[in-house]
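For reference, the structure discussed in these notes is given below.
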Amino acid sequence: MIRRSITKAASTPDKYIGASGTSYWFKELLQERPHLGRVWLATSGQDKVVLKDIPKDIFDNFNQKIRPRLPKSPYIRMPWDTVPGQRILVYNHLSNNFLSLVKENISLQARKQILKATLSDIAGLHDQHIVHLDIKPDHIMVDRDDNAQDTMVERVQLIDLENAAYLPDGRCIKGMLAGNANWTSPEAHLKGELSKPADIFSFGIVDTKLFPSGQMSLTQSSRI
């Protein structure tokens, strides 16, 4: 169960120093999940950042198998700093996720722009034989221009790649519960074989569910 708190965790220092020499000041514990680690909001000067403290097996798998293969894309959130001696990754902070923006009734054009960027991300990952395994609107982060009359999308980034899998040569994962029950594929529900099609199925659910009723979704349209 996710716990949210605005109180500093007793075991968390007030400040971390990154490998870059940058200071990160603890502000808020955002998530704490058993076996998956903790996520904090921190500040560096005037900027907000996200610190992710993850278990050793996930940290090692990400650094050894996933991170070196991630495509260089503005649409994939990559860590830009680490904390020496800790299993902490430092990420830029984006204020909005796709689900929260849909609840604000953003325009059809903005939804298409976000979904096209996400689909491009997934294709780039699959080209490197990386499977995300947890595609959902909460993992599609968006920067927007709040001063624009309509939603002006400035940046879209797919996040939470620490739990992704490297599956070359037609390999798959079997026997694990992956992703969120509302957005995952049938084989994930049944602990079946998981590979690239699981990401595409989840993307299709996101696309279909988050379009206004009566509107043609991206996957239903011939013009992707």
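The values are calculated or read from the model by the stated rules, or taken from the named source; none is laboratory data. Every value quoted in this text rests on a predicted model; they were computed, and no experiment measured them. Positions of Cβ are generated from backbone atoms using ideal geometry, with glycine treated the same way; all protein chains shown enter the neighbour counts.
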Output yes when any residue across the stretch 129-150 is touching a helix residue (DSSP H, G or I) at 6+ places or on another chain (Cβ under 6 Å), assigned to a loop (DSSP other than H, G, I, E, B) and not assigned by the TED database to the domain that holds PRO68, and no when none is. yes
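Could you say which residue among ARG77, ARG111 is within 26 Å of LEU167 (Cβ to Cβ) and touching a residue at least 24 places away in the same chain (Cβ under 8 Å)?
On the way: ARG111 fails: within 26 Å of LEU167 (Cβ to Cβ).
When all the criteria are applied, what remains is ARG77.
With respect to GLY18, determine if the residue is surrounded by 13 or more Cβ atoms within 10 Å (Cβ to Cβ), on the phi > 0 side of the Ramachandran plot, in contact (Cβ under 8 Å) with a residue 12 or more places away in the chain and not polar (S, T, N, Q).
Details: surrounded by 13 or more Cβ atoms within 10 Å (Cβ to Cβ): yes; on the phi > 0 side of the Ramachandran plot: no; in contact (Cβ under 8 Å) with a residue 12 or more places away in the chain: yes; not polar (S, T, N, Q): yes.
In short, no.
Give the stretch 193-218 a look and list any residue that's of a type in the set (Ser, Thr, Tyr) and at pLDDT 55 or above, or say none. Steps first, answer last, please.
Quick first cut of the stretch 193-218, residues of a type in the set (Ser, Thr, Tyr) only: 195, 202, 208, 213, 217.
Those that are of a type in the set (Ser, Thr, Tyr) and at pLDDT 55 or above: SER195, SER202, THR208, SER213.
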Search result, residues across the stretch 159-187 that are of a type in the set (A, V, I, L, M, F, W, C) and either under 21 Å from ARG77 (Cα atoms) or in contact (Cβ under 8 Å) with a residue 24 or more places away in the chain (or both): ILE159, LEU161, ALA164, ALA165, LEU167, ILE173, ALA178, TRP183
Pick from the stretch 72-85, criterion of a type outside the set (A, V, I, L, M) and surrounded by 15 or more Cβ atoms within 10 Å (Cβ to Cβ), ranking: nearest to GLY124 (Cα to Cα): SER73
I need a count of the residues in the stretch 42-67 that are surrounded by fewer than 17 Cβ atoms within 10 Å (Cβ to Cβ) and either part of a helix (DSSP H, G or I) or of a type in the set (A, V, I, L, M, F, W, C) (or both). 7
Within the stretch 109-167, residues being within 16 Å of the chain's Cα centre (by Cα) and either over 19 Å from LEU194 (Cβ atoms) or buried (at least 16 other Cβ atoms within 10 Å of the Cβ) (or both) number 37
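For the stretch 79-99, name all the residues that are of a type in the set (D, E, K, R) and more than 15 Å from PRO13 (Cα to Cα).
Of all residues in the stretch 79-99, those of a type in the set (D, E, K, R) come to 81, 87.
Listed by number, the list holds a single entry, ASP81.
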If you go through the stretch 187-212, how many residues are under 17 Å from GLU104 (Cα atoms) and of a type in the set (A, V, I, L, M, F, W, C)? 3
